[in-house]
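The structure under discussion appears below in the form of structure tokens.
The values are calculated or read from the model by the stated rules, or taken from the named source; none is laboratory data. Keep in mind that what you see is a predicted model, and the values were worked out from it rather than measured. Virtual Cβ from ideal backbone geometry, glycine too; neighbours counted across all protein chains shown. Side chains are part of the model used for accessible areas, which takes the heavy atoms of the whole protein and leaves out ligands, DNA and RNA. Shrake-Rupley method; radii C 1.70, N 1.55, O 1.52, S 1.80 Å.
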2 protein chains.
Amino acid sequence: MPKLVDHAARRRELAAAVWRVIARDGVAEVSIRAVAAESGWSSGALRHYFATRGELLAFACEQVTERATARIRDLDPPGPPRAQVRAVLLEVMPLDTERRIEASISFAFLALGLGDPALARVQRQQHAALYELCRSLAAQLGAGGEAVARRLHALVDGLSLQIMAGHLSPEAAVAELDAYLAELAG
Amino acid sequence: MPKLVDHAARRRELAAAVWRVIARDGVAEVSIRAVAAESGWSSGALRHYFATRGELLAFACEQVTERATARIRDLDPPGPPRAQVRAVLLEVMPLDTERRIEASISFAFLALGLGDPALARVQRQQHAALYELCRSLAAQLGAGGEAVARRLHALVDGLSLQIMAGHLSPEAAVAELDAYLAELAG
DNA sequence: CCGATTATGGCACGACTGTGTTATCAAGGA
DNA sequence: TCCTTGATAACACAGTCGTGCCATAATCGG
């Protein structure tokens, strides 16, 4: 038997290189060669794990969702329900550098997905996952059913968008979120 | 004097070609040659009105904001204040094909702006314009000051984002908006 | 009619792209 | 030790990209 490589792990490693390129140079600069250089492998080696550039991009986008959901699953915030909900939502929004990079990747894929049905599918899954989270959080709050979940989802998405657009500071976004949660409680 | 061309009009004409390319093929397909072919001019002619590709993109993005604000300025919806506010907001959200194209262009530029400071500036202006609109609408409603404006802005952005992501139908988004406006009135 | 000036089209350059193909390398079973 | 087989690197290929350059066409004051 020749040298054996953990394909799944290698694919994740290459996806991480894609993220770094996007975070540093923007999504327009993502090419096979750029990712190869960033990862330290050759472009030929890349082709062993991803047949095309589109496949590489789609996997990198899926990984963003997967990592975020795993992070939230492992999260076990203390305190009363409202504080727990707040903690989880803060974990989703682009408030610090790491999550900002994640969000910029998501937005980049949204733009790409507008012209590429395969990427659009991945993008829809990402949004569905966030909605599911909002739904479970709304249930945790006790107050209201799907109406609250939808409102919360739209609010979180809107605030995230405005942070990324440079229109809202992270602090202001958190204040907005707190105001809404306070209304829900009152 | 040689043949004189209205530069501003020609630039607007070329920007419209950029929009068509984005709407049809996605933002990744925007190139000097593609826009030249779409507009019917040669790439050399394009260079007379835009020195670089970035300049062309920035102008095309600015034009989106300009057209939208002009459309809203000329709008004079009938009925009570709440219906007027509703009509204006419906004009902003990507509910039909035309506005969907506008929104996809805006999102594309948001993604591009994440890696290009010049485009980021244009993007911020766009968001500021929408916020100003929300502020004036909130004042028109009489109820509440900047807090309502910020909430409304976040909600409209979030709903628009979810429509574009394919997660929300236009009808559902309108229902969400109506629910919020009803809460404001009650 | 002429020349000054602007608009325009066409082309060449170098760099970059995605995608194949091919050769080399490494590692473990026979 | 050899040989099979997967992993990897290197390269070739045909395109496309942005951009600068130059010749030509069009136009109007003189």
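So the values come out like this:
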{"item": "Number of the exception - A:ALA149 against (1) more than 7 Å from every other protein chain (Cβ to nearest Cβ); (2) open to solvent by 20 Å² or more (accessible area, probe 1.4 Å); (3) free of Cβ contacts under 8 Å to residues at least 24 places away in the same chain; (4) in a helix (DSSP H, G or I)", "result": "(2)"}
{"item": "Condition broken by A:ALA128, with the remaining ones in (1) free of Cβ contacts under 8 Å to residues at least 60 places away in the same chain; (2) touching a helix residue (DSSP H, G or I) at 6+ places or on another chain (Cβ under 8 Å); (3) surrounded by fewer than 19 Cβ atoms within 10 Å (Cβ to Cβ) satisfied", "result": "(2)"}
{"item": "Enumeration of residues in segment A:37-56 that are under 23 Å from the mean Cα position of the chain (by Cα) and more than 9 Å from DNA strand C (Cβ to nearest atom)", "result": "A:GLU38, A:SER39, A:TYR49"}
{"item": "One residue from B:GLY115, B:GLY79 being outside any helix (DSSP H, G or I), at the interface with chain A (Cβ under 9 Å from one of its Cβ atoms) and open to solvent by 40 Å² or more (accessible area, probe 1.4 Å)", "result": "B:GLY115"}
{"item": "Filtered residue count, segment A:26-37, keeping only those that are away from DNA strand D (no atom under 11 Å from the Cβ), within 14 Å of another protein chain (Cβ to nearest Cβ) and in a helix (DSSP H, G or I)", "result": "3"}
{"item": "Residue satisfying all of: in segment A:9-36; near DNA strand C (Cβ under 9 Å from one of its atoms) and not charged (D, E, K, R); surrounded by the most Cβ atoms within 10 Å (Cβ to Cβ) among these", "result": "A:VAL35"}
{"item": "Which numbered condition B:GLN123 fails, given (1) out of contact with any Gly (no Cβ under 6 Å at 6 or more places or on another chain); (2) within 14 Å of another protein chain (Cβ to nearest Cβ); (3) in a helix (DSSP H, G or I)", "result": "(1)"}
{"item": "All positions within segment B:134-146 that are assigned to a helix (DSSP H, G or I) and either open to solvent by 30 Å² or more (accessible area, probe 1.4 Å) or facing another protein chain (nearest Cβ under 9 Å) (or both)", "result": "B:ARG135, B:SER136, B:ALA139, B:GLN140, B:LEU141, B:GLU146"}
{"item": "Pair list, Cβ under 6 Å, 6 or more apart: segment A:75-90 residue over 20 Å from A:ALA172 (Cβ atoms) and in contact (Cβ under 8 Å) with a residue 24 or more places away in the chain, other residue open to solvent by less than 50 Å² (accessible area, probe 1.4 Å) and not in a helix (DSSP H, G or I)", "result": "A:GLN84/A:PRO77"}
{"item": "Of the criteria (1) more than 9 Å from chain B (Cβ to nearest Cβ); (2) more than 24 Å from B:ALA182 (Cα to Cα), which one A:MET164 fails", "result": "(1)"}
{"item": "Pair list, Cβ under 7 Å, 6 or more apart: segment B:38-54 residue within 14 Å of another protein chain (Cβ to nearest Cβ), other residue assigned to a helix (DSSP H, G or I) and more than 9 Å from DNA strand D (Cβ to nearest atom)", "result": "B:GLY54/B:ALA118"}
{"item": "Residue, farthest from DNA strand D (Cβ to nearest atom), within segment B:65-76, restricted to residues that are away from every other protein chain (no Cβ under 14 Å) and not basic (Lys, Arg)", "result": "B:ASP76"}
{"item": "So A:LEU181, is it within 7 Å of another protein chain (Cβ to nearest Cβ) and either open to solvent by less than 40 Å² (accessible area, probe 1.4 Å) or of a type in the set (Lys, Arg) (or both)", "result": "no"}
{"item": "Hits in segment A:1-25 - residues which are under 20 Å from A:GLU98 (Cβ atoms) and not in a helix (DSSP H, G or I)", "result": "none"}
{"item": "Members of segment B:82-106 found to be among the acidic types (Asp, Glu) and part of a helix (DSSP H, G or I), listed by number", "result": "B:GLU91, B:GLU98, B:GLU102"}
{"item": "Among residues of segment A:82-112, those that are open to solvent by 10 Å² or more (accessible area, probe 1.4 Å) and within 11 Å of another protein chain (Cβ to nearest Cβ), counted", "result": "7"}
{"item": "Test: A:ALA173 is assigned to a helix (DSSP H, G or I), open to solvent by less than 30 Å² (accessible area, probe 1.4 Å) and within 7 Å of chain B (Cβ to nearest Cβ)", "result": "no"}
